[in-house]
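Quick notes on the structure that follows.
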Amino acid sequence: MFNLNKTIPTPKLWSKKKSQQRRSPFFFLSLFLLSLVFLFFLTFTSIPKSLFSSSSSKTTALSLQFPHCETRISGEKFLWYAPHSGFSNQLSEFKNALLMAGILNRTLIIPPILSHHAIALGSCPKFRVQSPKEIRVSVWDHVIELITSGRYVSMADIIDISSVLSSSHVRAIDFRVFVSSWCGLDLDLACSKEPNTQLTYLVDSLKQCGSLLSGVDGNIDRCLFAVDDDCRTTVWTYGNDEADGALDSFQPNEQLKKKKKISYVRRRRDVYKALGPGSKADSATVLAFGTLFTAPYKGSELYIDIQKAPRDSNIQSLIKKIKFLPFVPEIISAGKQFAVQTVKAPFLCAQLRLLDGQFKNHWEATFSGLKQKLDSLSQTGSRPIHVFVMTDLPRGNWTGNYLGDLAKDSTNFKLYFMNEKDSLVMETAKKLALAGHGLRFGSSLGGIKSTDTVAKLQKHCAPHILPDILLFIEETICSCGSLGFFGTAGSTIADNIEIMR
């Protein structure tokens with residue numbers, strides 16, 4: 001009944017075995033916990049430490065896809081912004097961008113000319129505007145459309161900034177050159193007339209890069225600082241004696257606050273103190289503004305109030321230089337050619353804005369002002385009076401109004417005008433497309449090795465569709481009117497022509 005061969009444990013061994021059996025649940029639990037700790041340690045050491053920071057996912061994604069974000073490009077820092085509305089507003093913003101870049105010692109990313117009113121800001125006086133983030137995203141999407149449709153024209157293709165850059169401390173780089181280098185994309189593929197399978201991927205990558213640089217996911221340390229202050233809360237100043245952070249004279253009234261349920265307070269802030277050396281913004285390679293549009297309103301400026309810099313001679317000089325930025329030589333030459341070879345006589349320029357926005361409601365006042373100007377010339381000069389007419393009203397709609405009356409009165413008046421199909425306009429547009437002035441900026445800037453990039457862009461990214469340059473030639477012609485100039489009240493186009501004259 002018993003197995004005599006089985007070893008019977010001694011009491012001591014039996015006691016030890018019983019003790020081991022009692023401790024075995026804790027023993028295995030300890031082993032399990034130790035295994036978990038060991039596994040976590042191995043996993044932790046394989047994960048980049050940046051993933052555990054507050055901006056980890058953004059920083060990691062950016063460093064993998066856009067390596068320029070991780071290391072400063074030879075110390076170069078950039079500024080980009082989101083223009084809007086028509087050309088005159090965009091030119092005004094461009095001047096402000098040059099000024100901001102000069103003050104903050106950043107390289108300005110030169111934007112394209114956006115399609116007329118493709119991007120709308122809203123109303124600063126009514127405190128109803130797109131946020132800086134929203135307008136940056138909208139502009140970026142529209143720029144992609146301009147590139148892929150072959151309609152991209154740089155602001156520097158039209159406006160000559162060579163003298164400003166050569167004689168001041170401002171630096172600039174073409175948007176396409178910057179994006180090609182920064183986003184690591186062959187942007188020339190998007191410009192190619194030949195269909196290519198990579199276009200969809202390239203557009204998606206551009207949108208992703210644009211989303212990051214627009215600040216959709218917030219700021220990214222050492223890479224991006226997105227300025228979210230706009231005209232509802234901020235008036236940027238520079239070097240004034242006034243207290244930084246003081247209330248601006250223009251504030252939303254109580255009725256507007258109740259009606260719109262807003263609580264905005266507008267403060268005057270020194271842009272150099274807020275975004276310059278020593279600030280969080282200064283450590284970022286890219287500083288992204290929203291719109292840089294400003295205008296006088298109720299004794300204040302809507303967004304930027306920097307007319308003087310008495311303590312900074314370099315910026316004071318820059319302010320004077322950007323007051324008037326000429327068109328590129330091809331446009332100036334075309335305007336002078338029309339005045340000399342087509343008009344061939346002293347003439348008055350009449351800039352009549354009749355269809356856009358508020359101006360469609362003020363025909364009577366505009367025509368009345370022109371009539372007074374012409375009546376004055378009729379009393380002192382010979383006839384017919386030569387008049388160059390610059391207007392957005394098509395000739396087919398002149399019948400029944402003062403323009404139609406002038407056209408009929410060939411004894412007293414001889415009218416001149418242009419359209420986008422005129423040979424002079426077409427030839428000048430072709431010259432501009434070949435010149436590629438904008439791409440000359442940034443070929444060897446800030447350590448970005450973009451010489452090859454620029455060569456590719458120059459080859460493939462000339463506009464497939466000739467740029468619309470009628471407005472610019474017309475403004476140049478108006479600047480040559482030796483009998484004077486009549487402009488539509490409140491028109492920024494008229495203001496530009498007055499500066500040119």
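The calculated FRET efficiency for Tyr264 paired with Gln307, based on their beta-carbon distance and R0 = 25 Å, is about 0.55.
Taking 7 Å steps out from each Cα toward its Cβ at Ile465 and Ser123 produces label points 3.1 nm apart.
For Lys371, Lys257, the ranking by accessible surface with the largest value first comes to Lys371, Lys257, using a 1.4 Å probe.
Electrostatic bookkeeping for Pro384 treats Lys and Arg as +1 and Asp and Glu as -1; over the other residues with beta carbon under 10 Å from its beta carbon, the sum is +1.
Over all directions, the projected convex hull of the C-alpha atoms in the range 78-323 averages 13.9 nm² in area. Applying 0.36 nm per residue to the separation of Ser167 and Asp186 and subtracting their alpha-carbon distance, the gain on full extension is 3.6 nm. The listed residues Arg311, Arg176, once ranked by accessible area (1.4 Å probe) with the largest placed first, stand as Arg311, Arg176.
On the range 78-323, 50 percent of the accessible area sits on carbon and sulfur atoms, based on a 1.4 Å probe. Each residue, Trp363 and Lys298, gets one label point 7 Å from its Cα in the Cβ direction; the gap between the two is 3.4 nm.
The slack between Ser149 and Gln255, meaning 0.36 nm per residue of separation minus the straight C-alpha distance, is 33.6 nm.
Applying a threshold of 24 Å to the alpha-carbon distances of Lys126/Lys360; Lys258/Lys360; Lys280/Lys308; Lys95/Lys259 flags Lys258/Lys360; Lys280/Lys308; Lys95/Lys259 as lying beyond it. Surface calculation, 1.4 Å probe, protein heavy atoms: Thr411 sits at approximately 100 Å² accessible. DSSP beta bridges fully contained in the range 78-323 are about 30 percent antiparallel. Report the paramagnetic label zone for Ser279: residues of the range 234-260 whose backbone N is under 12 Å from a point 7 Å from Cα along the Cα-to-Cβ axis. Output list for this probe position: 235-239, 245.
Heavy-atom accessible surface of the range 78-323, averaged per residue, reaches 40 Å², computed with a 1.4 Å probe.
The values are calculated or read from the model by the stated rules, or taken from the named source; none is laboratory data. All values reported here derive from a predicted model rather than from experimental measurement. As a convention, Cβ positions derive from the backbone with ideal geometry for all residues, glycine included, and neighbour counts pool all protein chains shown. What goes into the accessible areas is simple: the full protein's heavy atoms, side chains included, and nothing from ligands, DNA or RNA. Shrake-Rupley method; radii C 1.70, N 1.55, O 1.52, S 1.80 Å.
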